[in-house]
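The structure under discussion appears below in the form of structure tokens.
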Amino acid sequence: MFWTQHVKRLTDTLQLLDIDLRKSETELKQLVVSLLNQNGIRAGGTLRLTVYRSGGGKYFPETNEGHLLMECMKHEMGAYVRPLAKTALLYDRMKLPVHELGNHKTLSKTIHINAAIFAQKRGVDDAILLNSDDQVTEAVSSNLFLVKSGKVVTPNLESGCLNGTIRKILLSQLKFEGVQIHEEVLTVIDLEQADEIWTTNAITGIKILNDWNGKRKQSLIAERAQQELNELAINSIRGFLENLP
């Protein structure tokens, strides 16, 4: 799903980090198809591409050549279902720095891992992170969306949040009547006042927080967005299959 957007994000991050993968999009697609076939995955699967700088050199790399590790596994979800509910709490013990690197999906996610452990120990599913300016940024492994008075808002990239694939899809392609998504500076007060709180990632699509600090939240717009996201995902898969090497 959303192959083109995922490759674009990977390419942008490699360029930022000065890593040279030396593989075209066509070559990547060939490798992906071969791996899926070898593992017998026809529907309901996840794919992870990790690129790392090869060679030694510690802080001063001896080479900028990139090596590729690809993993895939079967997954019970073949499509995005009705938004699943989950619980979350605020994590403010360690705060995210505000810089461009936060917009990219890198391996440097120590704060996110600590937030996940914090949530696990307290028996909840997720945690919402703040940046060093006390702005709401994202959840452990997903972007964040709020609905306030019918308007959908998400933290802007200047907050240091991940420029996630589903986030970009919703911002650019969500078109159902009467709903627009805006990028804004969000605070903890906005979480309290929101009518709906969602998280988004490429594996599960949209998930909802049906409760925040004891206040019940709705899911009406999230459900409509998930339906349209499913249609966009299916169309993207068709595009991938039609353009196989």
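The values are calculated or read from the model by the stated rules, or taken from the named source; none is laboratory data. Bear in mind the structure is a predicted one, so any value in this text is a computation, not a measurement. Neighbour counts are summed over all protein chains in view; Cβ atoms, including those assigned to glycine, are modelled from backbone coordinates with ideal geometry.
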- Task: Return a yes/no flag: does the range 142-157 have any residue that is surrounded by fewer than 20 Cβ atoms within 10 Å (Cβ to Cβ) and of a type in the set (Gly, Ala, Ser).
- Result: yes
The residue that is nearest to Gly56 (Cα to Cα), considering only those in the range 1-34 that are under 23 Å from the mean Cα position of the chain (by Cα) and among the charged types (D, E, K, R), is Asp18
Looking across the range 203-232 at residues that are crowded, with 18+ Cβ neighbours inside 10 Å and among the small types (Gly, Ala, Ser), the single one that is farthest from Met77 (Cα to Cα) is Ser219
Checked Thr4, Thr13 against criteria (within 30 Å of Gln226 (Cα to Cα), in contact with a His (Cβ under 7 Å, 6 or more places away or on another chain), polar (S, T, N, Q) and in a helix (DSSP H, G or I)); the one match is Thr13
Within the range 158-187, the count of residues that are crowded, with 19+ Cβ neighbours inside 10 Å and out of contact with any Ser or Thr (no Cβ under 8 Å at 6 or more places or on another chain) comes to 3
Residue hits (the range 18-63; under 22 Å from Ile237 (Cβ atoms) and of a type in the set (Gly, Ala, Ser)) are Ser24, Ser34, Gly40, Ala43, Gly44, Gly45
Original post:
Within the bounds of the range 90-112, is there any residue that is hydrophobic (A, V, I, L, M, F, W, C), over 27 Å from Val7 (Cα atoms) and surrounded by 22 or more Cβ atoms within 10 Å (Cβ to Cβ)?
Top reply: no
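So, in the range 24-48, exactly how many residues are of a type in the set (Lys, Arg) and in contact with a strand residue (DSSP E or B) (Cβ under 7 Å, 6 or more places away or on another chain)?
Qualifying residue count, the range 24-48: 1.
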Exception for Gln15 within (1) farther than 23 Å from Leu107 by Cα; (2) loosely packed, with under 13 Cβ neighbours inside 10 Å falls at (1)
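When you scan the range 130-245 for strands (runs of 3 or more DSSP E) that lie fully inside it, which ones turn up with 1 or more residues that are at pLDDT 95 or above and among the polar types (S, T, N, Q)? Walk me through how you get there before you give the answer.
Values: elements: 136-139, 143-148, 151-155, 181-184, 196-201, 205-209.
It comes to 136-139, 143-148, 151-155, 196-201.
A quick yes/no check of all residues on (1) within 11 Å of Leu146 (Cβ to Cβ); (2) outside the structural domain of Asn131 (by TED's automatic domain parsing):
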| position | (1), (2) |
| --- | --- |
| Trp198 | yes, no |
| Gln227 | no, no |
| Arg238 | no, yes |
| Pro245 | no, yes |
Check: Does the range 26-42 contain any residue that is part of a helix (DSSP H, G or I), at negative phi and among the basic types (Lys, Arg)?
Finding: yes
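State all residues of the range 81-129 that are part of a strand (DSSP E or B), of a type in the set (A, V, I, L, M, F, W, C) and over 18 Å from Ala202 (Cβ atoms); if no residue qualifies, say none.
Passing the criteria: Ala85, Ala88, Leu89, Leu90, Met94, Leu96, Ala127, Ile128, Leu129.
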Counting only residues that are part of a strand (DSSP E or B) and surrounded by fewer than 17 Cβ atoms within 10 Å (Cβ to Cβ), the range 50-60 contains a total of 2
